[in-house]
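Colleague: Take a look at this one; I'll ask things after.
Read-outs: derived from the displayed coordinates by stated rules, not from any lab. Worth saying up front: this structure is predicted, and the values here are computed from it rather than measured. Neighbour counts run over all protein chains shown; Cβ positions are idealised from the backbone, glycine included.
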Amino acid sequence: MEKLEQLYEGKAKKVYATNDPDFVIVDYKDDATAFNGEKKGTIVGKGVINNRLTNHFMKMLEENGIPTHFVKEISDRETVVKKVKIIMLEVIVRNIAAGSFSKRFGVKEGVILKQPSIEFSLKNDDLGDPLINTSHVLALGLASAEDIAKIKEYAFKVNALLKNYLLKFDIELVDFKLEFGKTSDGKIVLADEISPDTCRFWDVHTHEKLDKDRFRRNLGGEEHAYQEMLKRVIGD
Ligand code: TMP
């Protein structure tokens, strides 16, 4: 497959056209942002780690019945994925209170939730990705009721699969953000990435943060945290 012109540059990835209209190539960058792009920096080696970890997780999920956009890893930073129309929602699933959930509801970070929760945010940096309910989603025509039901079903299934999978490596899945897209034939598939940029991962025993919160909160050691995730999950 041939890599053609750049179609889009996001905060953490670039997307390129290919000679096949059904496929694009994503290229992961080391650029790190937080607070809707207000805080900017670099996490050396992040692009390679996020590419490899995302593909590893997507393969595991696909094998367990979740349709994804993943096609083929072609270099340490580049992957061929199905071209999809992204549904403009951030789908957040939580097992343990942290981040904006803790702030919004006044629940201490680390409190285990009685059951996993799901929420949607509108994917719009200028508006600060505001929380949005399903009535708003329908009113704005962002997705249909069937789409929303499917997205919820997949998101909770991803949570159960990923949570169990990570426990083997002594990693607690605190929460994560997913994005979904529609292929040209109208099928909903899991898209974007699943990485320390988009998930909270804590060591089961020490609760050490192994994710982008180290960058967001100026804790330091972000490179080490990303490397540690790669080492535990993929083994190098
Ligand atoms: P939050 O607690 O800040 O709402 O974050 C919930 C999860 O979503 C956390 O795992 C980090 C991830 N996330 C993103 O992937 N992108 C974002 O822009 C934000 C704010 C959070």
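Colleague: Counting pairs of Cα atoms in region 97-236, how many percent are more than 18 Å apart?
Modeller: Details: 6022 of 9730 pairs.
In whole percent, the long-distance tail amounts to 62.
Colleague: So what does the Cα-only Debye profile of region 16-89 read at q = 0.13, 0.16, 0.25, 0.27 Å⁻¹, as log10 I(q)/I(0), no solvent term?
Modeller: Debye intensities relative to I(0), on a log10 scale: -0.46, -0.69, -1.17, -1.19.
Colleague: A further question follows. Can you work out the FRET efficiency for the pair D20 and E153, with r the C-beta to C-beta distance and R0 = 25 Å, to the nearest 0.05? Each step should come with its number before you reach the end.
Modeller: Working: r = 30 Å, r/R0 = 1.19.
Computed FRET efficiency for D20 and E153 comes out at 0.25.
Colleague: Right, here's the next one. Could you tell me what % of all Cα pairs in region 156-236 have separations over 19 Å? If you can, show how the numbers build up before the last one.
Modeller: Working: 1293 of 3240 pairs.
Here the long-distance tail beyond 19 Å is 40 percent of all Cα pairs in region 156-236.
Colleague: Do the alpha carbons of any pairs in K39/K83; K13/K212; K182/K231 sit beyond 21 Å of each other, and which pairs? Don't skip to the end; give the middle numbers.
Modeller: On the way: K39/K83 30 Å; K13/K212 16 Å; K182/K231 33 Å.
Over 21 Å apart, Cα to Cα: K39/K83; K182/K231.
Colleague: Read phi for every residue in region 175-189 and hand back ³J(HN,Hα) as whole Hz from Karplus 6.51 cos²θ - 1.76 cosθ + 1.60, θ = phi - 60°, with x for Gly and Pro.
Modeller: The phi angles translate into 6, 6, 10, 10, 10, 10, x, 10, 6, 4, 8, x, 7, 7, 10 Hz.
Colleague: For region 1-54, taking Cα atoms only, what is the radius of gyration to one decimal and the Dmax to the nearest whole Å?
Modeller: 12.6, 36
Colleague: Using only the Cα atoms, what convex hull volume per residue in Å³ does region 100-183 have?
Modeller: On the way: hull volume 11.6 nm³, N = 84.
So the per-residue Cα hull volume is 138 Å³.
Colleague: If you don't mind, there's one more thing I want to ask. Any idea how far apart T134 and M88 come out in nm if each label point goes 7 Å out from Cα toward Cβ?
Modeller: Going by the 7 Å Cα→Cβ label model, 2.2 nm.
Colleague: Between region 17-37 and region 97-127, how far is it from one alpha carbon centroid to the other, in angstrom?
Modeller: The distance from the Cα centre of region 17-37 to that of region 97-127 comes to 26 Å.
Colleague: May I pose another question? Per the Kirkwood treatment, what hydrodynamic radius in Å, one decimal, follows for region 63-124 from the mean inverse distance over all distinct Cα pairs? Mind showing how you got there, number by number?
Modeller: Details: mean 1/r = 0.0680 Å⁻¹.
Result for region 63-124, one decimal place: 14.7 Å.
Colleague: If you don't mind, there's one more thing I want to ask. Can you list the aspartates and glutamates whose alpha carbon sits under 14 Å from that of K85, skipping same-chain ones fewer than 8 residues off?
Modeller: Within the straight-line limit of under 14 Å, K85 reaches these aspartates and glutamates: D22, D147, E179, D185, D192.
Colleague: Over the residues of the chain, compute the C-alpha Rg and express it relative to 2.2 N^0.38 Å.
Modeller: Numbers: Rg = 17.1 Å, N = 236, 2.2 N^0.38 = 17.5 Å.
Relative to the rule-of-thumb radius for its length, the chain sits at 0.97.
Colleague: For region 17-143, what value does the Rg/Rh ratio take when both radii are computed over Cα atoms and Rh is the Kirkwood radius, given to two decimals? Please report the intermediate quantities before stating the final value.
Modeller: Details: Rg = 17.1 Å, Rh = 17.3 Å.
A ratio of 0.99.
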